Amino acid sequence: MRGRTLLTEPAIELRNLKKSYPVGNDGTIEVVRDVSLRVGARELVSLLGPSGCGKSTILAIVAGLTSPTGGEVRVNGDRVEGPRPTEITIVFQEPNLLPWRRADQNVRYGLELRGVDPKVMNGLVKKYLNLVGLQGFEKYYPSQLSGGMAQRVALARALALETSIVLLDEPFGALDENTRSILGDELLRIKSFTEKTMLFVTHSIEEALHLSDRVLILSARPARVKDDIRINLETPRTVELRWSPEFQEYKVRIWQSLKDELERDVPEPVANR
Ligand SMILES: Nc1ncnc2c1ncn2[C@@H]1O[C@H](COP(=O)(O)OP(=O)(O)OP(=O)(O)O)[C@@H](O)[C@H]1O
Ligand SMILES: [Mg+2]
């Protein structure tokens, strides 16, 4: 069992978060209604919810890439007012590699932007490409990599920044189930000795249960936290465990909570009067 002592300060805290976007000339769409949640240091928490409910919006707000219309986000106790690149990094569903740069040069990219000393940079690039299992492929261009390998490069590029918080927005969503499962194991292995806090968006109940300390179910848009389920299963979550009755019980419980939200009608954007 992983020890989960919450430090006094959660790594991520959302307090009554609200977000509406303007639509057209005079409309608005309410995306996040009232989301409060805490992620403790070194926890991995998954967000599960219907497509379009506001998961990516929540991650973008936590990363300081967009601002909320109400409430606040705190990271390591400080209010987030804009991007915090030394504390938070984000991994997206698409690897978004620069096609003219080799794998190692893609991992270097974020470090170059940050002005890291070239010798330190070389060490970080090597370390994180090795950690994601890409030794030998450093000089490959993105067009020469498989989808899973490209996503490993994207993961290495994010991890090389050595932030304490990593946000992952369906990072393995475009991969086949087997590759996804293997990358999930690798993510947990890396997490176990890098002590990172992770907020992980997924559509897969199986993946959420494989990886998470807690699974948060979000309602259909506008997002609210409908359920906060602590996963009291041994780690690592081996294939045997994932076939066990207790794992299946969690699956059913999560599906029942999620199903209502998948079926719920969502409000249309409204025109302001
Ligand atoms: N910049 C924007 N302007 C207007 N509306 C937006 C903007 N970004 C997102 N939205 C709307 O907010 C809602 C939530 O989008 P978001 O991308 O957060 O959903 P999601 O839960 O990540 O969905 P998915 O699971 O499909 O990735 C959608 O209705 C979307 O149209
Ligand atoms: Mg999304």
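Worth a mention:
- Residue identified as in contact with a helix residue (DSSP H, G or I) (Cβ under 9 Å, 6 or more places away or on another chain), over 30 Å from residue 140 (Cα atoms), touching a residue at least 12 places away in the same chain (Cβ under 8 Å) and among the small types (Gly, Ala, Ser) among 27, 49, 64, 54: 49
- Among the conditions (1) modelled with pLDDT of 95 or more; (2) surrounded by fewer than 19 Cβ atoms within 10 Å (Cβ to Cβ); (3) farther than 26 Å from residue 21 by Cα, the only one that residue 226 does not satisfy is (3).
- Options 59, 44, 98; residue that is hydrophobic (A, V, I, L, M, F, W, C) and surrounded by fewer than 16 Cβ atoms within 10 Å (Cβ to Cβ): 98
- Residues in segment 156-179 that are surrounded by 17 or more Cβ atoms within 10 Å (Cβ to Cβ) and either more than 14 Å from the chain's Cα centre (by Cα) or β-branched (Val, Ile, Thr) (or both): 156, 157, 160, 161, 163, 165, 166, 175, 179.
- Test: residue 128 is open to solvent by 70 Å² or more (accessible area, probe 1.4 Å) and either among the charged types (D, E, K, R) or in a helix (DSSP H, G or I) (or both): no
- Within segment 234-265, restricting attention to residues that are basic (Lys, Arg) and within 21 Å of the chain's Cα centre (by Cα), the residue that is farthest from residue 187 (Cα to Cα) is 251.
- Against the list (1) acidic (Asp, Glu); (2) within 10 Å of ligand 1 (Cβ to nearest atom); (3) under 25 Å from residue 156 (Cβ atoms), the condition residue 30 fails is (3).
- Boolean, residue 148 is open to solvent by less than 60 Å² (accessible area, probe 1.4 Å), within 30 Å of residue 14 (Cβ to Cβ) and either assigned to a strand (DSSP E or B) or not polar (S, T, N, Q) (or both): no
- Residue in segment 191-206 that is within 16 Å of ligand 1 (Cβ to nearest atom), among the charged types (D, E, K, R) and modelled with pLDDT of 95 or more present: no
- Residues that are of a type in the set (D, E, K, R) and more than 16 Å from ligand 2 (Cβ to nearest atom), drawn from segment 45-102: 72, 74, 78, 79, 81, 84, 87, 101, 102
- Condition check for residue 26: more than 16 Å from ligand 2 (Cβ to nearest atom), open to solvent by 70 Å² or more (accessible area, probe 1.4 Å) and either among the charged types (D, E, K, R) or touching a Phe, Trp or Tyr at 6+ places or on another chain (Cβ under 6 Å) (or both): yes
The values are calculated or read from the model by the stated rules, or taken from the named source; none is laboratory data. Computed from a predicted structure; not experimentally measured. No Cβ is skipped: glycine too gets one built from the backbone with ideal geometry, and neighbour counts run over all protein chains shown. Quick note on the areas: whole protein, heavy atoms, side chains included, nothing else; ligands and nucleic acids left out. Shrake-Rupley method; radii C 1.70, N 1.55, O 1.52, S 1.80 Å.
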